[in-house]
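Report on the structure given below.
We did not get these values from a lab; they are worked out from the coordinates using the rules stated. This is a predicted model, so every value here is computed, not measured. For neighbour counting, all protein chains shown are included, and Cβ atoms are generated from backbone atoms with ideal geometry for every residue, glycine included.
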Amino acid sequence: MIKNNFSRLVGERLIRLTQIAKETGISRNTLTSIYQRRCKGIEFKTLNTLCKYLDCGIGDIIEYQKE
């Protein structure tokens, strides 16, 4: 199972999605979809941009957990 930790990371850092969208160029709709765990996939380019912005690794945003 893939676990999406994006909402936790954003919440812990008290960052608004609007701020992330403005500073990264990622659309607000894309960020909302990831945040609300509605997306079925995340492009590598988007993951790369989020990792740079949040100063974290991919494993901090998404992780694999055995069921």
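How large is the dipole of the chain about the Cα centre if only Lys and Arg carry +1 and Asp and Glu carry -1, each at its Cβ, rounded to the nearest 20 debye?
Values: 12 positive and 7 negative charges, 51 e Å.
Once rounded to the nearest 20, the dipole reads 240 debye.
Would you compute, from DSSP H runs of 4+ residues alone, the mean residue ellipticity of the chain at 222 nm, taking -39500 (n - 2.57) per run and dividing by the full residue count, rounded to the nearest 500? Walk me through the numbers on the way to the answer.
Working: 5 runs with 39 residues, N = 67.
Calculated at 222 nm, the ellipticity per residue is -15500 deg cm²/dmol.
Farthest towards the positive end of the charge dipole of the chain, among the residues ASN5, GLN36, ILE58, is the Cα of GLN36, using unit charges on the Cβ of Lys, Arg, Asp and Glu. Working note: Karplus 6.51/-1.76/1.60 with θ = phi - 60° gives the stretch 5-10 the couplings 9, 4, 5, 5, 4, 5 Hz, where Gly and Pro are set to x. What the phi angles of the stretch 45-61 give under the Karplus curve with 6.51, -1.76 and 1.60, with θ = phi - 60°, is a coupling list of 4, 5, 4, 4, 5, 5, 4, 5, 5, 8, 6, 9, x, 4, x, 7, 8 Hz, glycine and proline written as x. Straight-distance candidates among the lysines for linking to LYS40, with alpha-carbon spacing under 21 Å and chain neighbours fewer than 8 residues away dropped: LYS3, LYS66.
When TYR53, TYR35, TYR64 are sorted by how many other C-beta atoms sit within 10 angstrom of their C-beta, beginning with the fewest, the order is TYR64, TYR53, TYR35. Here THR32, THR49 are placed in order of increasing Cβ neighbour count within 10 Å, fewest first, which gives THR32, THR49. A cut-off of 5 Å between modelled amide H atoms, ignoring neighbours fewer than 5 places along the same chain, links ILE62 with ASN5. Seen through its C-alpha gyration tensor, with square-root eigenvalues sorted a ≥ b ≥ c, the stretch 2-54 comes out rounded because a/c lies under 1.5.
Note that the stretch 19-33 has calculated 3J(HN,Hα) couplings of 5, 4, 4, 5, 7, 10, x, 6, 5, 4, 5, 5, 4, 5, 4 Hz, one per residue in order, obtained from phi through the Karplus relation 6.51 cos²θ - 1.76 cosθ + 1.60 (θ = phi - 60°); glycine and proline are x.
Please order PHE44, PHE6 by the number of other Cβ within 10 Å, starting at the fewest. If you can, show how the numbers build up before the last one.
On the way: PHE44 9, PHE6 23.
Result, fewest neighbours first: PHE44, PHE6.
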